[in-house]
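The structure appears below as structure tokens.
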Amino acid sequence: MPFVESDPSEPQNTPGVGAAGAAASAGARETGARQTGARETGLGESVLGPRYRWISIGMCVLILLAAFESLAVTTVMPLIADELAGRSLYAVAFAGPLAVSVVGMVLAGNWADRRGPKAPLYSAVALFAVGLVLAGTATTMEMLVVGRLIHGLGGGGLTVALYVIVARVYPHLLQPRIFAGFSAAWVIPSLVGPFVAGAIAEAASWHWVFLGVVALVIPALIMVVPALRGMVHEADADAAVPRWDVARILWAALAAAAVLVLNLSAEAAGWVLWALPVAAVVVLALALRPLLPTGALRAARGLPATVLVRGLIAGAFFGAQVYVPLILTDRYALTPSMAGLALTFGGLAWAVTAQIQGRYSATLTHARCLRIGLVLLGTALAVTIATAALALPALVLIVAWAFAGAGMGIMYPRTSVMALQSSTEADQGFNSSAIAISDAIGAAVAVAVAGIAFAVLAPVGGVWPFVGSFGLAALFWLAAVLVRPRAAVSPPAP
């Protein structure tokens, strides 16, 4: 649920793009010769001018809907889990879509390199909509999780396809403006999405949080279609069409499967409860090695450590955030809309600090931003644990989560910039993809282990399931603190 990055003129620095930026970069290089005329124009034009108006609006709406759905589900999931008697699958409903989104990113990027972004976009939107329909009509928690997995796969591919379209449709002078629009499309749901989702669930039903998004996806896609009709994918005269990168796709699928097994291990018993997570983590580490820079998993100094820090802070934040609405509704009896205020404050703080660090980029160095961000996030996690353990007022937790969002708003953009500054044109795509994969997998693993802690401590009852879950998320923060001194801009390879 990243909201805003530091510089909207950089595609890879816009929220949630990582691998999307990679695909856009690859697409831009592949079609540069064919799109020269378009790229040399743009003066006097606008992303909302007659030529680009509908595709700009359509793409921003698709991004907005994906962002809204992410935040909305976090708000209403406690209600869903209670109604469908699915507390045991609570963590899977969050971690699963994050894990399979990596497969969607890799598939869509490879497909777009081969045949252009039209087919990946249509397929991604179809999966996204089908998944939402399944989730919105679910009568069991298992059916809802299946729907979430399907639209998570589509969501990963959707963002990649949209960024490739930007690279091929818009001239260079307009690309920063449409990326700024994408940034705004991520910010708006963070401000109103949680409250709106809670209000919908209270006034009608949580089903409409999913089904209402479906009703808007199709009109948004229709706005984009006309601009795609004339887009012809042609290989350069001296270059062959890229092959399917089967190995990379399989590694991504294996990583997603390992995360799902890690989540489901909470349902095991006896020695399997401990052996299965260990086996899943080992398989996940093996699968991630080809997808991340060499040395990332051992925190090698420079770019590898930067990529690892990105995954660890994502794990610390999102691993705790999924349980914030749950504790507010479960222990403090707040309505979903009121519980959503914590996410709203976090999103607002994320947006504000992201802009601040961008405005003062000359004085706020990368290292300083990471230090400040970790202090803010660590403070928020400490207060969250204390609130759960000592039954402090709910307002304390809601305000604390604003500090967590502020820390993320400072750190997220800088890790993206550090990765780009460590890259050459030849590996910019891979490094951007690595940031996105680390982001998604870090969050998914943290949600999984926090879910295991919640399940193990559930029989004890009281405050301990929440203390355990927040404590596990805090361990990811501690790991980020230890790795942070090794994170730096690496000299790009010649």
Review point. Can you find even one residue in the range 420-437 that is part of a helix (DSSP H, G or I), in contact (Cβ under 8 Å) with a residue 12 or more places away in the chain and within 21 Å of L343 (Cβ to Cβ)?
Key: no
Practice item. Please go through the range 93-112 and pick out each residue that is under 27 Å from A199 (Cβ atoms) and open to solvent by less than 10 Å² (accessible area, probe 1.4 Å). Key: A93, A95, G96
Exercise for review: Identify, from the list L297, L262, the residue that is under 23 Å from the mean Cα position of the chain (by Cα) and surrounded by fewer than 22 Cβ atoms within 10 Å (Cβ to Cβ).
Suggested key: L297
Exercise for review: Hey, can you tell me all the residues within the range 134-146 that are assigned to a helix (DSSP H, G or I) and surrounded by 17 or more Cβ atoms within 10 Å (Cβ to Cβ)?
Suggested key: L134, A135, G136, M141, L144, V145
Revision key, fill the gap. Scanning the range 284-341 for residues that are closer than 19 Å to F195 by Cβ and touching an Asp or Glu at 6+ places or on another chain (Cβ under 8 Å), the one modelled with the lowest pLDDT turns out to be S337
Practice item. Check every one of the helices (runs of 4 or more DSSP H) wholly within the range 1-106 and list those with 2 or more residues that are among the aromatic types (F, W, Y) and at pLDDT 50 or above. Key: 53-83
Study note, to complete from the structure: Checking V278, V324, V309 in turn, the sole residue that is surrounded by fewer than 24 Cβ atoms within 10 Å (Cβ to Cβ) and either within 22 Å of the chain's Cα centre (by Cα) or aliphatic (A, V, I, L, M) (or both) turns out to be V278
Review point. S361 fails exactly one of the following numbered conditions: (1) out of contact with any Pro (no Cβ under 8 Å at 6 or more places or on another chain); (2) polar (S, T, N, Q); (3) part of a helix (DSSP H, G or I). What is the number of that condition?
Key: (3)
Exercise for review: Inspect the range 349-367 for any residue being open to solvent by less than 10 Å² (accessible area, probe 1.4 Å), out of contact with any strand residue (DSSP E or B) (no Cβ under 7 Å at 6 or more places or on another chain), closer than 24 Å to S70 by Cβ and modelled with pLDDT of 90 or more and give the result as yes or no.
Suggested key: no
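The values are calculated or read from the model by the stated rules, or taken from the named source; none is laboratory data. Worth saying up front: this structure is predicted, and the values here are computed from it rather than measured. Note: ideal-geometry Cβ built from the backbone for every residue, glycine included; neighbour counts use all protein chains shown. The area values use the complete protein model at the heavy-atom level, side chains included, leaving out ligands, DNA and RNA. Shrake-Rupley method; radii C 1.70, N 1.55, O 1.52, S 1.80 Å.
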